[in-house]
Structures are given as structure tokens and as C-alpha cells.
Amino acid sequence: MIVTPAVRHTAAGAAALLLALPVPCASAASAASPVPAVLPGVVPAAGPPSGAADGVTEPAPPAPRFVDPALLNRPGTQVQTLRGAPAVPSLTALSWVVADVSTGDVLAARNAHKPLPPASTLKTLFALTALPHHEPDERHTVSDAELTGIGEGSSLVGLKEGYTYRVSDLWNGVFLSSGNDAVHVLASMNGGWSAMSRKMQAKARALGARDTHVVSPDGYDAPGQVSSAYDLAVFGRTGLQDPQFTRYCSTRYADFPAGSWSYGIANTNRLLTGESGVDRYPGLIGVKNGYTTNAGNTLIAAAKRGSRTLVVSVMNPQGGGGLAVYEEARELLDWGFGAAGKVQPVGSLSPTAARDFARTRAAQAAERPAVRAQAGPQGADDPLRALAASGGVHGAAPRAAAKSAAPSGTAAGLPLALVGSALGAALSLWLWRRFGARGN
């Protein structure tokens with residue numbers, strides 16, 4: 001028959017091309033090295049922190065943990081205890097936070113983001129903003145204009161117009177005596193009161209402290225000025241990365257110059273000095289206490305025990321008198337050290353961790369519908385079905401496994417396209433040989 005030579009030529013050409021084609025398969029390297037996946041609820045570790053423009057480096061972000069920042073937005077006490085964890089102390093403070101300085105993990109909190117007046121604990125943000133811009137030995141002569149506008153009843157270190165002070169003396173006045181006069185002078189050296197408020201606001205946002213609104217850089221009561229226990233813990237943790245900040249906030253006593261003589265000043269943080277009926281806390285580093293009529297008593301405290309350093313913030317205890325803020329901070333520190341390895345974190349002081357968590361959740365939400373759309377009647381060897389049956393996760397790993405196990409797209413259609421081309425070429429050759437020869 002006429003068709004027989006065409007079939008013979010077509011089969012020969014197709015067989016030759018198929019034998020020459022490589023067979024797509026998953027590489028041994030892909031099988032041996034699965035692509036890591038992002039597990040739901042795990043915050044990926046970020047790279048090393050970049051140095052801040054003002055010289056204060058943001059603390060390193062925490063290692064990957066099961067951290068959900070949304071927990072800290074809930075009212076009441078938030079804690080995730082494991083077996084053997086001590087009971088969280090029952091405190092009267094309106095808001096508090098206890099966190100690990102090294103990792104940034106928030107171990108427990110109560111009303112962490114509740115906006116409250118911070119009093120002089122806001123001076124920690126002032127120090128983070130202004131400290132890097134003047135050397136400790138730099139000298140400054142105080143003018144009368146720099147001492148105007150200080151709030152009535154403010155705590156003072158005793159600066160005098162016309163006297164010359166070292167910058168380190170001014171910072172001792174800020175941290176030890178909580179001197180609003182020292183804050184006013186340092187603010188004047190850094191652009192003025194309003195400019196300093198704006199700079200502090202920008203610094204707070206850069207650190208992820210979004211509850212803080214700065215009106216008066218010294219922490220004096222002002223309409224609309226608020227912070228939160230979370231933000232204060234962020235300020236304390238960040239300050240401990242700066243040796244100057246740490247040195248000032250941990251100094252118990254210092255001599256303050258007054259012209260040709262000097263007088264002694266003591267740190268008003270009684271948990272640090274152990275005075276006025278408060279026992280000194282072992283291993284306490286500092287950081288800053290505060291009080292105003294509107295804010296009540298506030299405190300940021302950090303302590304080290306062994307290889308661990310904790311920071312706590314306590315805002316406005318409702319009982320126990322003026323010393324309650326120190327005793328409640330003591331209870332939180334004791335609990336935090338006792339709860340080592342026995343609690344899951346309920347949040348992070350690192351803004352990087354919060355952003356990464358949000359991005360991970362968004363990516364997972366976007367990918368889940370796409371993976372479910374591929375579910376259906378498939379072979380037993382289908383990698384997506386196998387992954388789903390084994391409780392696998394959505395994300396990069398399933399897609400990588402599917403791509404490595406089965407060809408798709410252009411690669412999958414390549415053999416069929418070449419076979420079709422071979423059949424066409426063979427048929428054309430047969431037609432030419434049969435009819436073209438007759439024409440000649």
C-alpha cells in the first residue's frame with residue numbers, strides 16, 4: 001500500500017529522535033538537600049542589626065521563636081507557661097512587661113500596649129536620642145535661657161547660670177537626680193526643646209515603640225504625652241547596648257560640681273541603691289525610675305543573674321504606696337529568672353521580629369489557596385499529595401519538591417513537540433521522494 005513507506009519513514013525518524021532525547025528527572029542533589037520551609041508561627045532570624053545613624057545600635061533581633069505579637073495587644077496578663085513554670089506574680093500595676101535582654105523575648109506582660117503617662121522613665125528615650133552627639137569630657141557653660149520653662153515641682157540637680165559643666169556631669173544629673181534642669185540644658189545643646197521632641201519621636205518609631213507620644217522630653221506631665229510598658233522595655237533594652245548609657249544608669253553615687261566645690265548626689269532608683277526601706281536587688285544594672293502626680297510611680301529595671309539579663313517595666317501600681325513599684329519590679333525579676341526555659345515568649349521587643357512574623361503570616365495566607373487548588377485525583381507518587389498526607393507545611397518546600405519530582409511547562413511538552421515535528425518531517429520526505437521523483 002502507499003501508506004506503508006510513509007509509516008516506515010515516520011517510525012524510523014521518531015525512534016531516532018526519542019532515543020536522542022534526555023529523560024527529565026529529579027537531580028540527586030535536589031533529593032538529598034530539601035529546600036527549608038518557613039513553619040507557621042516561626043519568626044525567621046534576621047541579619048545583623050545595622051548601626052543607627054545617631055550611634056546607638058539597635059539590639060540584635062531574637063533567634064527564631066514561636067512568637068505572636070498579637071498576644072501583647074490583648075488586655076490582661078499574657079503568659080504561656082510550660083511544665084514546672086512558677087506562677088506569675090499578682091501585681092497592682094496598671095501595666096508591666098518582663099523580657100529577656102539578649103533575645104528580646106517578652107516572657108510575660110500585662111496590658112503591654114496600654115498608653116499611660118511615663119514620667120521620668122521617658123528620660124531613657126531622651127538619652128538614646130541625645131547621648132551620642134557629645135563627648136563626655138566636652139564642657140558647656142549654662143545660660144539663663146536654658147533654665148527657663150522648667151515645670152513647677154520638677155526634680156532638679158542644681159545647675160547654675162554661668163557655671164561650666166562637663167557633659168558627663170549633665171548626664172549624671174539626668175540619670176541619678178532625674179534633673180529636669182539637666183535635660184533642658186542638654187536639649188538646648190541638641191537643637192532646642194521642640195526639635196528634641198521631634199527627634200525623640202522619630203527615635204521611638206525607629207525602635208518600634210509606637211505607643212509613645214513625646215510632648216515634654218523630660219517626662220514632665222503634659223497633655224497627650226504617653227508611653228507604654230512595652231515601649232519602656234524597648235528603651236531600656238536598647239540603652240543597655242550602649243556602654244555610656246549603661247554606665248550612667250548603673251551609677252549609684254557621684255560628685256556634682258558647683259564652681260570651686262562639689263556635692264554628692266545619689267541615684268533615686270532605690271532598687272539600685274538599697275535605701276529608704278527598699279532592699280537592693282542583687283545584680284541590678286539600673287535603669288530609670290520616675291514619678292509625677294498624673295503618672296504615679298514608674299520604673300524600668302534591668303538585672304543580670306548568671307548569663308541572663310532581664311529588663312522589666314512597671315507603670316503606676318495601684319496599691320502599696322510609693323515603694324510598691326520597686327517591690328513589684330523585684331517580683332517580676334525573680335519570676336523571670338525562675339521561669340527560664342519554662343515559658344514560651346508572648347512577644348518580642350524587636351521590631352524586626354514583629355515585621356517578619358507579619359510577613360510570614362501574610363505569605364502563608366496567600367499561598368494556601370494555591371496549594372489547595374492543586375489537590376485532586378493524582379497519582380500515589382505525587383509529591384504534593386504525599387506532603388499533605390504527612391502533615392507538611394505550605395510554602396517554598398512543597399513547590400520545590402513538586403518541581404524537582406515532575407517536569408512541567410516547556411520541559412514537559414518538549415518530547416511531544418519533537419515527535420510531532422519528526423512525524424511531519426518524515427511525511428514530507430516520503431511525499432517528495434514519491435511524487436518529486438516522478439516529476440523529474
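Residues in the range 168-181 that are within 32 Å of the chain's Cα centre (by Cα) and either free of Cβ contacts under 8 Å to residues at least 24 places away in the same chain or assigned to a helix (DSSP H, G or I) (or both): S168, L170, W171, N172, G173, V174, F175, N180. Across the range 201-224, the number of residues qualifying as in contact with a Leu (Cβ under 7 Å, 6 or more places away or on another chain) and surrounded by fewer than 24 Cβ atoms within 10 Å (Cβ to Cβ) comes to 2. Against the list (1) in contact (Cβ under 8 Å) with a residue 60 or more places away in the chain; (2) over 21 Å from A222 (Cβ atoms), the condition T164 fails is (1).
For the range 54-163, the strands (runs of 3 or more DSSP E) that sit wholly inside it and include 1 or more residues that are at pLDDT below 95, in contact with a Lys or Arg (Cβ under 9 Å, 6 or more places away or on another chain) and farther than 27 Å from G322 by Cα are 77-81. For the range 225-247: of the residues being within 14 Å of T129 (Cα to Cα) and polar (S, T, N, Q), which is least open to solvent (accessible area, probe 1.4 Å)? So the residue we want is T238. The lone criterion from (1) polar (S, T, N, Q); (2) surrounded by fewer than 24 Cβ atoms within 10 Å (Cβ to Cβ); (3) in contact with a Pro (Cβ under 8 Å, 6 or more places away or on another chain) left unmet by T251 is number (3). The criterion of being under 30 Å from K160 (Cα atoms) and touching a strand residue (DSSP E or B) at 6+ places or on another chain (Cβ under 8 Å) does not hold for Y230. Each residue in the range 254-307 was checked for being open to solvent by less than 10 Å² (accessible area, probe 1.4 Å), in a strand (DSSP E or B) and among the β-branched types (V, I, T), and 3 of them qualify. Only one of the numbered conditions (1) open to solvent by 20 Å² or more (accessible area, probe 1.4 Å); (2) at pLDDT 95 or above; (3) more than 21 Å from P118 (Cβ to Cβ) is not met by N316, and that is (3).
The values are calculated or read from the model by the stated rules, or taken from the named source; none is laboratory data. These numbers come from a predicted model, not from an experiment. As a convention, Cβ positions derive from the backbone with ideal geometry for all residues, glycine included, and neighbour counts pool all protein chains shown. Ligands, DNA and RNA are excluded from the accessible area calculation, which covers all protein heavy atoms including side chains. Shrake-Rupley method; radii C 1.70, N 1.55, O 1.52, S 1.80 Å.
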